[in-house]
Each structure stands twice: as C-alpha cells, then as structure tokens.
Amino acid sequence: MPARLIFLVYIASILMASTAYLPFLPPHPHTHIILASQSPRRSSILQTMGLPPASFTVVVSPFDEDDSDFRSLKTRVSSSEYVKTSASNKASAVVELYRGGERELPSPATRGVVIGADTVVELGGKVLEKPKSEEEARGMLRR
C-alpha cells in the first residue's frame, strides 16, 4: 500500500475570532502574514506564491506536538483530522502570543493573519510522525 502525504494550511485571524481554511490568500496592504512554522520549506512556499520575505514574519509556534494528549489523538481520528488539528493548534498558539501582548504587529492599523501548517505521512491508515532518529527513519522506509 503506498504512503499518502497529507499537507494542510490553516489560517487564523489575530484580530477576529473567526478562522478559516483558505486555498489562497491575496496580498493586502494592511495585512501582515505570520507563518507559524520554523520550516524553511514553508517560507519558500510563500515566496514561490509571490510573497517577498519582508511581507511575512516567521514565528515558531509554542504548541507542543509531543504532548501526550495530542499524540494520542492520532489513534482516535483520521489522518486528515489529525493534521488539521495540528495545523490549527499551531496557528492558534501563535494567535495567543499576539493577543496576549507577547508579540506585536508592525502597526496598530495592520491586521494579522496567521498561517499554521502541518504535514504527515499516512501508511496503512496510520500516521507516521517525523522520525526521531536515523534508525527510526530506516524502519519507516522498510515498511
């Protein structure tokens, strides 16, 4: 059975309580994009979409993916639901940094949009997390 790659982008507004899944985010002069990911690949994707590096800020999400309650979720929901929840949690944690005053937008007139993303590999209906060691990675590839 081939592995399936699931990638999801979750977009949350800092100033509004609403959140949405959007396939495309058009640039707006009063919108500042915050990428809730330390992945260089995700920054590259935004640049490929035409967003210069100065138009967005990378903020590492404080969401703890290793939390046992969250990790156990992958055995209770579909892979798609798991990755959606992970991306949502990453974006929401960064939103709270701004709402709590730990981070600030470039100006008061700017609205912030946070993009959280996650990727998982599914094999045989099970989510394969990032390997923690070279040995674990080899074991995944042998499956």
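The values are calculated or read from the model by the stated rules, or taken from the named source; none is laboratory data. What you are looking at is a predicted structure, and each value in this text was computed from that prediction instead of being measured. Virtual Cβ from ideal backbone geometry, glycine too; neighbours counted across all protein chains shown.
Might you let me know whether region 99-112 holds any residue that is at pLDDT below 85 and assigned to a helix (DSSP H, G or I)? Yes, that holds for at least one residue.
Comparison of 61, 80, 92, 37 shows that the only residue that is at pLDDT 85 or above, touching a strand residue (DSSP E or B) at 6+ places or on another chain (Cβ under 8 Å), assigned to a helix (DSSP H, G or I) and closer than 25 Å to residue 127 by Cα is 92. Remark: pairs (first residue in region 98-117, within 15 Å of residue 61 (Cβ to Cβ); second residue modelled with pLDDT of 80 or more and assigned to a loop (DSSP other than H, G, I, E, B); Cβ separation under 6 Å; 6+ apart in sequence or on different chains) = 114/36; 116/36; 117/37. Annotation: of all residues in region 97-143 being more than 23 Å from residue 55 (Cβ to Cβ) and of a type in the set (Asp, Glu), the one that is surrounded by the most Cβ atoms within 10 Å (Cβ to Cβ) is 122. All of 80, 88, 61 fail the test of being crowded, with 19+ Cβ neighbours inside 10 Å, among the polar types (S, T, N, Q) and touching a residue at least 60 places away in the same chain (Cβ under 8 Å), apart from 88. Note on region 113-138: residues that are on the phi < 0 side of the Ramachandran plot and either part of a helix (DSSP H, G or I) or not hydrophobic (A, V, I, L, M, F, W, C) (or both) amount to 15.
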